[in-house]
Amino acid sequence: MPSLQEELFPSTPGKFKIERSNAMNRQFHRCFASTSTMFLWALFLIALTASYLSFQSFVDSGSRYLSASWGGIQWEKQVRSSAQIHRSGGMSVLVTGAAGFVGSHVSLALKKRGDGVVGLDIFNNYYDPSLKKARKSLLSNNGIFVVEGDVNDARLVGKLFDVVAFTHVMHLAAQAGVRYAMENPQSYVHSNIAALVTLLEACKTANPQPAIVWASSSSVYGLNENVPFSELDRTDQPASLYAATKKAGEEITHTYNHIYGLSITGLRFFTVYGPWGRPDMAYFSFTRNILQGKPITIYRGKNRVDLARDFTFIDDIVKGCLGSLDTAGKSTGSGGRKRGPAPYRIFNLGNTSPVTVPTLVSILEKHLKKKAKRNYVDMPGNGDVPYTHANISLARRELGYKPTTDLQTGLKKFVRWYLSYYGYNNGKPVN
Ligand SMILES: O=C(O)[C@H]1O[C@H](OP(=O)(O)OP(=O)(O)OC[C@H]2O[C@@H](n3ccc(=O)[nH]c3=O)[C@H](O)[C@@H]2O)[C@H](O)[C@@H](O)[C@@H]1O
């Protein structure tokens, strides 16, 4: 009967039995020999895998370099010239999401007053990229260069900081939309969390460190019931993943302010609307459907209560953004190390007068001179909140923020732009 030892390390079959201690020795040697062979094999496999991986990354970076839409002398020249400041005491601003709704307006306003602006935008297809391209042309006609790329691309962001010593970053690139988070949750993590960290990493090591102003959202108030919403209210009960990622952004930026001395200002935008707006938003898609004679869906809250939003006109938001940049205060760190405390601020930017969704539709009907086919349904559990209402006293005091456009006036301007951009029937016959 073979011993357990022999079973575990069997001798060559058919060989005669040897003395136990000798056998043990030989078994030990064999075992050692086979372990070292295995070890050598393992080493060989690790080396093979490592060389395969480094070859892959060489191929990847090579092809990225070859196919990259950025880099090169000409590109750097365009970036530098776009960042040039044309007023005394002006700033050079990296605007992420520059081909987006708020980003394009803020970029133009900065350029108009003589600041340097470089845009960065991924031009993804969350909504019609041709609208983003049209905004890019508008910016380009005004001397603003928009780099096509992802804020998550650390090499690209690092390169931009190598080429220009940005004094400020206006971070507006994001995955927007409250309800789309149910369809594509990962895009919110990618754009609102991972990209934010990539950007902050670049800002923390930049020398000088820029001051950062970025877009949070009114949605962080979630299930808060204090009205109007104040910056001191609870924001730990988000109702959507979108809101949760924006709230996470507020915490993440706080960390970078605390550890690295970055000057940070977070702006909680309240349902921004206006010319060159976002086609995924209700006022925009309602306009398209009304003109095409298609029904629109109007959500209603519990007990058939109308939903309401503190709709805020784009020009007012732009003033709030510029006010934030102007009062941001300097980052204090250098070489990735904090040298002293830096400002950390959060402001509501709203209109302070909520309007119900059915009233919004009535205003659109008036401006479009066409009745909507209204289809009322109960608000689905998809992240919506019943109402929003901003308390703006802090922004008024610190930024001189004072919204001046009511929904009637703002939607009139939007409709005028919409009709000039898309034509009267949006390319389809109007019934
Ligand atoms: O202020 C904010 O924080 C947010 O404002 C908007 O989110 P939301 O207020 O939901 O804007 P819309 O999607 O335009 O919806 C406005 C209202 O219309 C309602 N709605 C929307 C779509 C629809 O088909 N029917 C409908 O009744 C919504 O329930 C909501 O009450 C933006 O889409 C977010 O990116 C932004 O962060």
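Take the Cα of Q84, go 7 Å toward its beta carbon, and the backbone nitrogen atoms of the range 90-116 under 14 Å from that spot belong to 114-116.
If I take R0 = 30 Å and measure r between the Cβ atoms of Q74 and N125 in this structure, what FRET efficiency does the formula 1/(1 + (r/R0)^6) give, to the nearest 0.05?
Once rounded, the FRET efficiency stands at 0.65.
Just the number, please: percent antiparallel of the DSSP beta bridges in the range 170-329, rounded to the nearest 5.
Numbers: 1 of 11 bridges.
Here the antiparallel bridges make up roughly 10 percent for the range 170-329.
Note: relative contact order over the range 188-316, using C-alpha pairs below 8 Å and six or more positions apart, is 25 percent. Compared with the direct C-alpha span, the chain from S140 to D378 gains 81.3 nm at full extension, assuming 0.36 nm per residue.
Per the Cα gyration tensor, the range 64-125 maps to an equivalent ellipsoid with semi-axes of 23, 17, 6 Å, ordered largest to smallest.
If I stretch the segment between I259 and S393 completely, what's the gain in nm (0.36 nm per residue apart, minus their alpha carbon distance), one decimal?
Contour length minus Cα-Cα distance gives 45.3 nm.
Remark: the range 65-159 carries a charge dipole of roughly 340 debye about the Cα centre, counting +1 on each Lys and Arg Cβ and -1 on each Asp and Glu Cβ.
Taking the Cα centre of the range 377-417 as origin and assigning +1 to Lys and Arg Cβ atoms and -1 to Asp and Glu Cβ atoms, the resulting dipole is close to 380 debye. The K330 and W41 beta-carbon pair, evaluated with R₀ = 56 Å, returns a calculated FRET efficiency of approximately 0.45. Across all directions, the average projected area of the convex hull around the alpha carbons of the range 209-261 is 4.0 nm².
Once the convex hull of the alpha carbons of the range 217-307 is built, what does its volume come to per residue, in cubic angstrom? List each step's numbers first, then the result.
Values: hull volume 12.5 nm³, N = 91.
Taking only Cα atoms, the range 217-307 has a hull volume of 137 Å³ per residue.
Applying the criteria of a DSSP loop state and at most 13 other Cβ atoms within 10 Å to the trypsin sites (Lys or Arg not before Pro) of the range 312-362 yields R339. Rg and Dmax of the range 175-240, based on Cα coordinates, read 14.8, 43 Å.
With N counted as the residues of the range 258-311, its alpha-carbon radius of gyration over 2.2 N^0.38 Å works out to 1.73. For the range 341-431, report the translational diffusion coefficient in µm²/s to the nearest whole number, using Stokes-Einstein at 25 °C, 0.890 mPa s, and a Kirkwood Rh over Cα pairs. For the chosen part, D equals 149 µm²/s. Its Kirkwood hydrodynamic radius, worked out from the mean inverse distance over all distinct Cα pairs, puts the range 126-254 at 16.3 Å. Translational diffusion coefficient of the range 238-396 (Stokes-Einstein, Kirkwood radius from Cα pairs, 20 °C, 1.002 mPa s): 119 µm²/s.
The numbers here are math on the coordinates, done by the rules we state, and not lab data. Since we're looking at a predicted model, the values are computed, not measured. Every residue, glycine among them, receives a Cβ derived from its backbone with ideal geometry; neighbour counts consider all protein chains shown.
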